[in-house]
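Peer 1: Dropping a structure here in structure tokens format, bear with me for questions.
The values are calculated or read from the model by the stated rules, or taken from the named source; none is laboratory data. The model shown is predicted, which means the values in this text are computed figures rather than measured ones. Glycine also receives a Cβ, built like all others from the backbone with ideal geometry; neighbour counts cover every protein chain displayed. SASA here: full protein model, heavy atoms, side chains in, ligands and nucleic acids out. Shrake-Rupley method; radii C 1.70, N 1.55, O 1.52, S 1.80 Å.
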Amino acid sequence: MKILIGHFTTESNEHIPGKRELKDYVLGYGEEIQDLMELRDVFEKNQVDVIGSIYANGHSSGPVEKNAFAYIANRLIRDVETYRNDLDGILLLLHGASKVEDLVGSSGEPYILNKLREIMGPHFPIAIVVDPHGNLNQDYVNQATIMRSYRESPHTDMFATHQIVAQMLIDLIRDNRRTKAIYRKLPLILGGERSVSSDEPVKSINQLLDQVEKDPKILSASWHVGYIRHDSQNIGCSIVVVPTKMEYQEYATEIAEQLAQFVMERRREFHFHGNALEPEQALEEALNFKGGRVFITDSGDNTTSGATGANTLILKQFLRLTDFNKKKILFASINDPEATRLLLRREIGEVVSISVGQGFDELCQPIALTGKILAKGDVGNLHGIRKKFGDAVTISLTDYPIDVVVANTGISFAEMHQYDGIHVNPLDYDIVIVKQGYIFPEIDEIADLSIMSLTPGATYQIAEKIPFKLISHPMFPIDDF
Ligand SMILES: [Zn+2]
């Protein structure tokens, strides 16, 4: 059995300056894709011959620059054309939240699937793993043989889902079955911070999906949160159900309808994970907390959802204070490549005066800082990816109990290996400010309290206040019903 695999991820936040270029992608080819997607074991166990096409991970950022997308898409299309006569199936990770410059329909994922269908025809097995934070539509989903998303947010089941879907595809090919994914759009928009899977109603939705997947007529069932950081007619939650065989299509459509009802009945129960407070209240709560270490997440500048990480708003809030209630504070981090470049030239222990803040909008206005260089290091990426992502220099401010990590990349310090990489220990601080929305698991473990500060910015959390032009109506909670 021969399966071709590929990966394309970009969450396109259109509220930030700039485009995602090819140089910004983590790229992989051939053999290594199996490891990057953690698929080697499942393929080896099933004695599958694997053709690795392209792995292109652009994470969260702006819209995709057209030449970057053309390179990624063409590589996939060319490889499928080359091996078309040898292939038994295709397995792709297509995130679902891309917006591509000058592309009709704007999303890159349906374009890729369309092109592959043109080559392989309508019945060839193509399985797609999707991130639940992507937008879907009828045409796109119906072209997939299998489509299934991660259950957990944060996505602790990402690699497990790759393996589950790979096994589904292998079994389908082996049994010579055919099927088709069924789509049901929901009139509901949600931000990721209101749909954390350890909270209700997501917990119950996931339990129901697990139960549905035990049904012998159902291969997979997913609930998709959607993506709200660029305007599109496809925005909104949805349900995707895949029957085990074509003959169960009608049954699967009924199941999709039942799942849709289950979610919509709970539409008012979605809520922010943990404490979500306006910026002034968040600051006050953190300063007055007596129970230990507090993490504040700058949710309007959440780099895990495409923001730049450049905003200086919370730093300004703290610099206005005269009484810090004996707290020691860490900002991890502020994205400013120019300030980082200048700081990298100086030695640890040197006292420097520097302007931090890129100044491309009112939320990242520069601030003059004076302090001693405390540490320098490499910025590691999220999801355990230890590949160097950028540089960071930490300065300890003169006259303030505040240390600021200045980096040449927008990054969320959400995992402990990232702090090791920059030689700063979050356990040394009482208050740590990170560029995140909901708190990530490793941080949650060392936080006695986490507060989501509802800051303005590219990832503003009150979805119903974001102006959409292309969205369909009625749409809860923009339209209340
Ligand atoms: Zn996601």
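Peer 1: Going through the stretch 7-61, which GluC sites (Glu not before Pro) have at most 12 other Cβ atoms within 10 Å and a DSSP loop state? Each step should come with its number before you reach the end.
Peer 2: Working: sites: Glu11, Glu14, Glu21, Glu31, Glu32, Glu38, Glu44; in loops: Glu14, Glu21, Glu31, Glu38.
Within the stretch 7-61, the qualifying GluC sites (Glu not before Pro) (loop, at most 12 other Cβ atoms within 10 Å) are Glu31.
Peer 1: On each of the three principal axes of the Cα atoms of the stretch 275-461, give max minus min coordinate, whole Å, ordered largest first.
Peer 2: 40, 38, 32
Peer 1: Got the relative contact order for the chain handy, in percent, Cα pairs under 8 Å and 6 or more residues apart?
Peer 2: 15
Peer 1: So what's the back-of-envelope 222 nm ellipticity for the chain, counting only DSSP H runs of four-plus at -39500 (n - 2.57) apiece and dividing by all residues, rounded to 500? Display every interim value, and only then the final one.
Peer 2: Working: 13 runs with 130 residues, N = 481.
Only helices count here, giving -8000 deg cm²/dmol.
Peer 1: Given a cut-off of 20 Å, name the pairs among Lys19/Lys465; Lys19/Lys66; Lys203/Lys245 whose C-alpha atoms lie farther apart than that in the structure shown. Before the final figure, lay out each step's value.
Peer 2: Numbers: Lys19/Lys465 25 Å; Lys19/Lys66 9 Å; Lys203/Lys245 28 Å.
Distance filter (> 20 Å) returns Lys19/Lys465; Lys203/Lys245.
Peer 1: How long, wide and thick is the stretch 2-269, going by the Cα atoms along their three principal axes, in whole angstroms, largest first?
Peer 2: So the three principal-axis extents are 49, 47, 30 Å.
Peer 1: Which aspartates and glutamates, on any chain, are close to Lys23 with Cα under 18 Å apart, when same-chain ones fewer than 8 places away are left out?
Peer 2: Answer for Lys23, where 18 Å is the Cα cut-off: Glu11, Glu65, Glu101, Asp391, listed by chain and number.
Peer 1: Taking the Cα atoms of the chain, report the difference between the largest and smallest coordinate on each principal axis, in whole Å and largest first.
Peer 2: Dimensions of the chain along the principal axes of its Cα atoms: 71, 48, 40 Å.
Peer 1: Let me ask something else. Can you tell me how much longer the chain between Glu338 and Glu362 gets when fully stretched, taken as 0.36 nm per residue apart minus their C-alpha distance, in nm with one decimal?
Peer 2: Values: separation 24, 0.36 × 24 = 8.64 nm, distance 1.79 nm.
Here the answer is 6.9 nm.
Peer 1: Across the stretch 175-192, in residue order, what do the Karplus-derived ³J(HN,Hα) couplings come to in whole Hz, using 6.51 cos²θ - 1.76 cosθ + 1.60 with θ = phi - 60° and x for Gly and Pro?
Peer 2: Along the stretch 175-192, the couplings run 8, 6, 8, 10, 7, 8, 6, 10, 10, 9, 7, 10, x, 8, 10, 8, x, x Hz.
Peer 1: Another question, then. Carbon and sulfur atoms: what percent of the 1.4 Å accessible area of the stretch 275-461 do they account for?
Peer 2: Values: 3500 of 7380 Å².
Looking at the stretch 275-461 in its full context, I get 47 percent from C and S.
Peer 1: In addition: What ranking, highest mean first, results for peptides 257-265, 426-434 when packing means the other Cβ atoms within 10 Å averaged over each residue? Spell out each step's value before the answer.
Peer 2: Values: 257-265: 16.2, 426-434: 21.1.
Output ranking for 257-265, 426-434: 426-434, 257-265.
Peer 1: Could you pull out the chymotrypsin sites (Phe, Trp or Tyr not before Pro) across the stretch 311-410 that fall in loop regions by DSSP (anything but H, G, I, E, B) with no more than 14 other Cβ atoms inside 10 Å?
Peer 2: Working: sites: Phe318, Phe324, Phe331, Phe360, Phe389; in loops: Phe324, Phe360.
Counting only loop positions with at most 14 other Cβ atoms within 10 Å, the chymotrypsin sites (Phe, Trp or Tyr not before Pro) in the stretch 311-410 are Phe360.
Peer 1: Separate question: Name the lysines eligible as straight-distance cross-link partners of Lys327: C-alpha to C-alpha under 21 Å, and not fewer than 8 places from it in the same chain.
Peer 2: Counting by Cα, and skipping residues close in sequence, Lys327 has these lysines nearby: Lys290, Lys316, Lys372, Lys435.
Peer 1: While we're on this one: Kindly report the accessible area of the stretch 275-461 per residue (heavy atoms of protein chains, probe 1.4 Å, no ligands, DNA or RNA), in Å².
Peer 2: Working: 7380 Å² over 187 residues.
Each residue of the stretch 275-461 exposes 39 Å² on average to a 1.4 Å probe.
Peer 1: Per residue, what accessible area does the stretch 2-269 have, given a 1.4 Å probe and all protein chains present, in Å²?
Peer 2: Working: 10150 Å² over 268 residues.
Accessible area per residue, the stretch 2-269: 38 Å².
Peer 1: If you wrap the stretch 116-260's Cα atoms in a convex hull and average its projection over all directions, what's the area in nm²? Mind showing how you got there, number by number?
Peer 2: On the way: hull surface 34.2 nm².
Averaged projected area of the stretch 116-260's Cα convex hull equals 8.5 nm².
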